[in-house]
Amino acid sequence: MSEQFRICPRSGLALHKPAETLIKANAVAAVVFLLVGGALGLLVALTRWPAVQLLGPDTFYQALTGHGVVTLLVWIIFFEVALLYFCSAVLLRCRLATPKIGWVAFLLMMVGAAITAVAILQGGSSVMFTSYVPMPAAPHFYLGLILFAVGALLACFIFLGTLVIAKEEKTYEGSLPLVTYGALTAAIIAIFTIATGAVILIPTFLWSIGYISEIDPLMYRVIWWGMGHSSQQINVAAMVAVWYAIAALVFGAKPLSEKVSRGAFLLYILFICIASAHHLLVDPGLGTEWKIFNTSYAMYLAVLASMIHGLTVPGAVEVAQREKGLDKGLFEWLRKAPWGNPVFSGMFISLVGFGFLGGISGVVMGAEQINFLIHNTIYVPGHFHGTVAVGTTLAFMAVTYWLVPVLFRRELVLPKLAQWQPYLFGIGTSLSAFFMMGAGTVGVSRRHWDMGFAGSAFEWEYSGVAYTMMALNGVSAVIAVIGGAAFVVVIVGSILFGKKIQEPSEYQATQPSPLVRPQETGGHGNVGAAGIVAPGTFVLALVLLVVFVVYYFINYGYLATVWHFS
Amino acid sequence: MSALQPPAQRIWWNEPVHRAELMWIGIALVWCLIMFFMMPFWHVFGNQNYSGEAYRTTPEQFSAKVEEMVDQYTVRRETARNFPVVAPPAGSDVYLLARLWDWYPILELKKGETYRLNISSMDWQHGLSIQPININSQVLPGYQKVLTITPTEAGEYALVCNEYCGILHHAMLGKIYVTE
Ligand code: HEM
Ligand SMILES: [Cu+2]
Ligand SMILES: [Cu+2]
């Protein structure tokens with residue numbers, strides 16, 4: 001065998017050369033697309049700032065379609081592919097299965113993204129990333145998405161193949177590490193998601209070239225969201241895996257208990273909203289029982305899973321910090337955390353933003369009746385910038401700061417800028433999400449070029465609050481984009497110009513030593529108070545719950561005051 | 001670094017679970033159950049629900065119904081485009097049509113009376129957003145959605161389209177009057 005491994009001098013990880021190259025390629029592609037997506041986001045946000053209204057309606061809808069596709073699909077999925085390879089080959093000290101197919105996957109994703117990008121640029125496919133029928137896009141808009149998805153599917157199989165090789169060649173002892181287990185969760189959901197996507201995108205492509213005469217719009221929405229919703233569960237699982245990884249890297253934190261964390265990942269798979277009901281709560285043609293059951297499976301166990309991770313990730317950090325002696329009071333562990341390290345600050349802002357902004361809002365608007373107040377308002381983009389931009393994107397940014405020296409063997413440039421970056425992006429995006437939710441609460445529509453309704457036969461004036469919220473959203477978006485640009489500058493700058501790491505790390509033909517179980521007994525030191533190992537985290541979790549409950553009932557309370565309908 | 005390493009115990013699923021975790025799981029699960037029961041609860045005790053009533057239709061069938069109503073109950077015309085203002089009797093079936101880029105016709109309803117509001121689209125998907133009460137609903141071509149409504153306050157309400165429907169989506173407005 002000509003397998004080539006090197007041992008990273010800093011982390012001790014074993015890097016299989018073909019895996020390493022593929023991870024780098026996918027991650028770099030991701031960052032480049034993030035740059036494009038962020039620039040489009042700026043154009044969109046500046047257009048929705050009423051006093052600026054930068055673009056005209058045609059370019060606005062074009063930019064918005066591009067922004068959704070490039071960020072939500074291309075940036076996130078390229079990065080997730082890099083993560084899958086990392087969590088299998090690198091963490092398990094194993095060779096990557098079929099690197100050649102890995103390159104086929106990479107090319108398919110690149111070509112697919114390029115084809116769809118061309119379709120959007122040509123202007124005939126400004127249909128938004130949801131491409132609801134019967135509004136047509138050019139055939140190659142769908143074709144590009146299909147090719148991209150096939151590439152991503154191949155990557156999932158390479159991940160699974162690598163797990164099989166690792167097991168067979170005994171490159172690790174015992175069970176999979178928790179982070180790899182989280183990545184496995186994401187990969188399983190991804191395979192299911194892409195299969196669902198094929199069921200809807202292939203017929204839609206055939207419809208666009210005239211082979212199928214009609215696609216039912218309701219059927220389209222049910223199946224499309226079967227993909228669209230599950231794909232968000234991939235992002236959540238991948239993000240949580242990254243949180244656990246960062247807690248381990250920065251603090252040496254170990255999960256509070258393996259059983260709970262793994263069980264919570266399993267809940268994501270079992271209770272993923274297959275029927276995607278929460279996107280369809282105000283659609284005609286679906287029964288009430290169907291909606292209520294499928295939006296919650298009677299007990300919201302996927303929500304429960306995220307609430308569990310929301311406790312166990314910071315809880316693990318807290319215990320690790322307390323064991324190091326930061327055991328005073330409720331929050332010494334948090335106050336004295338390394339807030340200047342972007343790997344940690346990014347992860348922590350991601351965690352808090354995901355919980356308080358994205359999480360609470362998502363569950364609240366997923367309640368059948370509350371959805372009347374929120375469906376298709378700009379509250380919805382507010383919600384998912386809390387989940388995918390503050391949550392997933394910032395978590396991926398944070399782990400990238402740690403990955404660059406490992407993969408590219410270069411130090412980060414501009415460390416001061418890197419230190420500020422998670423705050424700029426995290427706070428800018430959080431504020432933007434918050435103001436979009438505010439504007440949506442007072443009725444502003446999403447995907448809407450002009451809240452003044454220029455050219456209409458009718459007139460309607462939104463409240464001053466609505467206008468203020470949209471202006472504040474514009475300002476926050478500028479901060480967010482500066483933060484996003486700072487990330488790209490630091491990462492690209494480091495890859496190109498960072499100081500080379502001198503410690504030797506040569507590729508060798510020998511198989512690296514297997515990944516072993518830690519020696520410790522598994523119990524946690526005698527920390528915490530009142531029998532609770534992580535009292536600070538517990539208090540924070542209770543704060544989240546109180547906000548959640550109060551906000552939930554405020555919405556039902558408002559709903560009770562409006563027109564009656566049934 | 002144990003989230004990056006295999007579990008310390010080979011039989012990790014027998015490890016004891018921390019008290020903090022157990023308590024939190026319990027609390028969170030109770031809250032999840034409350035949220036579930038709130039939805040059927042509101043169907044029984046709340047006044048803002050959608051029963052799911054809907055029928056298959058076609059643009060031809062639906063616009064015929066709309067025209068029939070317009071012919072019978074138009075009380076005046078408004079706007080530069082001479083839109084009919086229709087005041088159908090309380091309790092009746094009222095039709096609202098969505099098309100690129102109008103809500104047609106203007107409706108005039110009575111406060112406190114109940115109407116069966118039938119909505120469908122002639123072309124693409126649209127979103128019915130009633131302002132300023134901010135009640136939002138999806139409108140699909142081929143489906144006739146029936147929302148039984150009782151306006152509880154008099155005034156002028158705007159119908160905004162909040163499902164992207166092409167280049168003049170932003171200009172798609174309509175109106176409902178609610179009179180005392
Ligand atoms: C860098 C900062 C960003 C800014 C300033 C920004 C701004 C915006 C704004 C203002 C909208 C709403 C437009 C509307 O509905 O009228 C929007 C939509 C959206 N954004 Fe972002 N965004 C940013 C980053 C991201 C990221 C990182 C993601 C995903 C990972 C993302 C995903 C989306 C998606 C999926 C939509 C919905 C598009 C649609 O409705 O079709 N955005 N963005
Ligand atoms: Cu419309
Ligand atoms: Cu519209």
Could you say whether any residue in region A:500-508 is under 29 Å from A:Ala418 (Cβ atoms), assigned to a loop (DSSP other than H, G, I, E, B) and either modelled with pLDDT of 95 or more or under 26 Å from the mean Cα position of the chain (by Cα) (or both)? no
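Would you check if there is a residue in region A:415-425 being of a type in the set (A, V, I, L, M, F, W, C), closer than 30 Å to A:Asn371 by Cβ and touching a residue at least 40 places away in the same chain (Cβ under 8 Å)? Lay out the reasoning, then the answer.
Pass one, region A:415-425, residues of a type in the set (A, V, I, L, M, F, W, C): A:417-418, A:420, A:424-425.
Those still in the list that are closer than 30 Å to A:Asn371 by Cβ too: A:425.
Keeping just the survivors that are touching a residue at least 40 places away in the same chain (Cβ under 8 Å) gives A:425.
The answer is yes; a qualifying residue exists.
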What tally of residues in region B:153-170 results from selecting those that are within 8 Å of ligand 2 (Cβ to nearest atom) and of a type in the set (D, E, K, R)? 1
Check whether at least one residue in region B:103-120 is within 21 Å of A:Arg221 (Cβ to Cβ), crowded, with 17+ Cβ neighbours inside 10 Å and in contact with a Pro (Cβ under 6 Å, 6 or more places away or on another chain), and report yes or no. no
What pairs come up if the first residue lies in region A:114-138 and is over 24 Å from A:Ile223 (Cα atoms), the second is at pLDDT 95 or above and surrounded by fewer than 17 Cβ atoms within 10 Å (Cβ to Cβ), and their beta carbons are under 8 Å apart, counting only those six or more places apart or on different chains? A:Gly123/A:Asp58
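Any chance you could count how many residues in region A:99-123 are among the polar types (S, T, N, Q) and open to solvent by less than 20 Å² (accessible area, probe 1.4 Å)?
Taking region A:99-123 first, the residues among the polar types (S, T, N, Q) are A:116, A:122.
Still in the list and also open to solvent by less than 20 Å² (accessible area, probe 1.4 Å): A:116.
Residues that pass the stated criteria total 1.
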Hey, among the residues in region A:124-140 that are open to solvent by less than 40 Å² (accessible area, probe 1.4 Å) and out of contact with any Phe, Trp or Tyr (no Cβ under 8 Å at 6 or more places or on another chain), which one's nearest to ligand 1 (Cβ to nearest atom)? A:Phe129
Determine whether region A:4-17 contains at least one residue that is surrounded by fewer than 21 Cβ atoms within 10 Å (Cβ to Cβ) and part of a helix (DSSP H, G or I). yes
Write out, first by first residue and then by second, each pair whose Cβ atoms fall under 6 Å of each other, whose residues are 6+ apart or on separate chains, and whose first residue, in region B:89-114, is under 21 Å from B:Tyr55 (Cβ atoms) while the second is of a type in the set (A, V, I, L, M, F, W, C) and within 16 Å of ligand 3 (Cβ to nearest atom). B:Leu96/B:Ile119; B:Ala98/B:Val139; B:Arg99/B:Met122; B:Trp103/B:Leu159; B:Tyr104/B:Leu97
Which ones in region B:146-176 are over 18 Å from the mean Cα position of the chain (by Cα) and more than 16 Å from ligand 1 (Cβ to nearest atom)? B:Glu153, B:Ala154, B:Gly155, B:Glu156
Among the candidates B:Val44, B:Val85, B:Val70, B:Val75, residue that is open to solvent by less than 70 Å² (accessible area, probe 1.4 Å), free of Cβ contacts under 8 Å to residues at least 60 places away in the same chain and out of contact with any helix residue (DSSP H, G or I) (no Cβ under 8 Å at 6 or more places or on another chain): B:Val70
Residues satisfying the stated conditions in region B:99-145, i.e. more than 16 Å from ligand 3 (Cβ to nearest atom), farther than 24 Å from A:His279 by Cα and assigned to a strand (DSSP E or B): B:Ile106, B:Leu107, B:Glu108, B:Leu109, B:Lys110, B:Tyr115, B:Arg116
So which of A:Gly329, A:Gly355, A:Gly340 ends up being open to solvent by 10 Å² or more (accessible area, probe 1.4 Å), more than 11 Å from chain B (Cβ to nearest Cβ), out of contact with any Leu (no Cβ under 7 Å at 6 or more places or on another chain) and more than 24 Å from A:Ala485 (Cβ to Cβ)? A:Gly329
Please go through region A:141-179 and give me each residue that is open to solvent by 10 Å² or more (accessible area, probe 1.4 Å) and of a type in the set (S, T, N, Q), ordered by number. A:Ser175
Give the number of residues within region A:415-463 that are of a type in the set (Gly, Ala, Ser), within 12 Å of A:Pro381 (Cβ to Cβ) and more than 14 Å from chain B (Cβ to nearest Cβ). 2
Test: A:Met239 is under 25 Å from A:Thr392 (Cβ atoms), crowded, with 24+ Cβ neighbours inside 10 Å, within 8 Å of chain B (Cβ to nearest Cβ) and modelled with pLDDT of 95 or more: no
Here are some conditions: (1) within 15 Å of B:Met172 (Cβ to Cβ); (2) open to solvent by 10 Å² or more (accessible area, probe 1.4 Å); (3) of a type outside the set (Ser, Thr, Tyr); (4) within 8 Å of another protein chain (Cβ to nearest Cβ). B:Gly127 meets all but one. Which one does it not meet? (2)
Restricting attention to region B:147-180, report how many residues are more than 16 Å from ligand 3 (Cβ to nearest atom) and more than 8 Å from chain A (Cβ to nearest Cβ). 9
Can you find a residue that is open to solvent by less than 40 Å² (accessible area, probe 1.4 Å), facing another protein chain (nearest Cβ under 10 Å) and in contact (Cβ under 8 Å) with a residue 60 or more places away in the chain anywhere in region A:466-484? no
So A:Thr65 fits all but one of (1) away from chain B (no Cβ under 14 Å); (2) within 16 Å of ligand 3 (Cβ to nearest atom); (3) among the polar types (S, T, N, Q); what number is the exception? (1)
Is it the case that A:Val44 is under 22 Å from A:Thr400 (Cβ atoms), touching a residue at least 12 places away in the same chain (Cβ under 8 Å) and hydrophobic (A, V, I, L, M, F, W, C)? no
Tell me which of these A:Asn526 doesn't satisfy, since it passes every other one: (1) exposed (fewer than 13 other Cβ atoms within 10 Å of the Cβ); (2) more than 24 Å from B:Ala3 (Cα to Cα); (3) not hydroxyl-bearing (Ser, Thr, Tyr). (2)
Quick one: is A:Ile491 more than 13 Å from every other protein chain (Cβ to nearest Cβ), within 26 Å of A:Lys17 (Cα to Cα) and touching a residue at least 12 places away in the same chain (Cβ under 8 Å)? yes
Tell me whether region A:384-393 contains one or more residues that are within 14 Å of chain B (Cβ to nearest Cβ) and either surrounded by 22 or more Cβ atoms within 10 Å (Cβ to Cβ) or touching a residue at least 40 places away in the same chain (Cβ under 8 Å) (or both). no
Failed condition for B:Ala80, given (1) open to solvent by 20 Å² or more (accessible area, probe 1.4 Å); (2) hydrophobic (A, V, I, L, M, F, W, C); (3) at pLDDT 95 or above, with all others met? (3)
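The values are calculated or read from the model by the stated rules, or taken from the named source; none is laboratory data. Note that the structure is a prediction, hence the values are computed from the model and not measured. Backbone-built Cβ (ideal geometry, glycine too); neighbour counts: all protein chains shown. The area values use the complete protein model at the heavy-atom level, side chains included, leaving out ligands, DNA and RNA. Shrake-Rupley method; radii C 1.70, N 1.55, O 1.52, S 1.80 Å.
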